[in-house]
Structure formats: C-alpha cells, structure tokens
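Rule-based calculations on the coordinates, nothing more; no lab input. Bear in mind the structure is a predicted one, so any value in this text is a computation, not a measurement. With ideal geometry, Cβ positions are generated from the backbone for all residues, glycine too; neighbour counts draw on all protein chains shown.
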Amino acid sequence: MEILAVLETLEDAIEKAISLPFTGKCLVNREEVLEIIQDIRLKLPDDLKQAKWVSEERSRILAEAQQEADNILNGADGKIASMVDEHEICRKAYEQAEVIITNAKKNAREIRLGTREYADNILNKVEEILEDTLDVIKVNRNELK
C-alpha cells in the first residue's frame, strides 16, 4: 500500500528532526510535515478503496467456497443416500431370495412326499388287484383239479 510508504516518510522526517534538549520534543519542518499529511490524505482514499475491494473480494471468494462446500456436502449426502438405498434394495432382494428358496425347498419336499405317497397308493392298489387275481387263479386251479 502506498500509504505505508508515505507514513515511513513522515516517520523519517520526525526522526531527522532537531531534538530540544531536556524536553523529549523536536523541531520539524512544518511545510515538509504538512506536505506529507496532504499526501496521506490524497493516497488514503485509494488505499481504502483498494482495502474495501480486497475485503469484498475476500467475502465473495469465501461465499463461493462455502457454496461449493455446501454443494459437495449435498452431493455426498445424496451419494450416501443412494448407496444406502442400493444397500437396502440389495438387502431386501436377498431377503426375498431367501423366502423364495425356502418356499421352493418346502414345495419340493411336499412334492417328494406326495409323489412317494401317490406311488405307494398305486402300488397298494396294484397289489390288491394282483392278490384278487391270484385268488381267482387259485380258485380256478382248484376247480380244474
């Protein structure tokens, strides 16, 4: 900032000033100091404008950074939610698969038992028919003798 250079000039003028003994005071060139003060007044508004612009730019950059951070967080939240949903969907799919497999095993067992029972009933009827037929054959043979 230019104002700092001008203040250094003022400081140099005061340091180079003639000291008054035993008082801690000094004699400065009035014109020189007044010129430096005038220069400060002229440069101060430019430096203030620049400082204000820097401050506003800083605020704008911080706001943009905050907005970008919020967007990233929202995106991450959305990604997490979708991943949770996917996980939930997979979990439900696995649960349904387990139910379907359990039902299929149960149905297969019932069909196997039903098939055995059906086959046993058929064989039992065939056996009864064969026994009846064998009895008829025995009766007929006895008649023939």
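Scanning region 28-68 for residues that are aliphatic (A, V, I, L, M) and under 25 Å from Leu10 (Cα atoms) yields Val28, Val33, Leu34, Ile36, Ile37, Ile40, Leu42, Leu44, Leu48, Ala51. Taking every residue in region 1-30 that is free of Cβ contacts under 8 Å to residues at least 12 places away in the same chain and pairing it with any residue that is part of a loop (DSSP other than H, G, I, E, B) and surrounded by fewer than 13 Cβ atoms within 10 Å (Cβ to Cβ), at least 6 positions away or on another chain, the pairs with Cβ-Cβ distances below 9 Å are Ser19/Lys25; Leu27/Leu20. Restricting attention to region 8-23, the residues that are of a type in the set (Val, Ile, Thr) and either surrounded by 11 or more Cβ atoms within 10 Å (Cβ to Cβ) or touching an Asp or Glu at 6+ places or on another chain (Cβ under 6 Å) (or both) total 2. Candidates Asp85, Asp46, Asp77, Asp70: the one that is in contact (Cβ under 8 Å) with a residue 12 or more places away in the chain, of a type in the set (Asp, Glu) and either surrounded by 10 or more Cβ atoms within 10 Å (Cβ to Cβ) or not in a helix (DSSP H, G or I) (or both) is Asp46.
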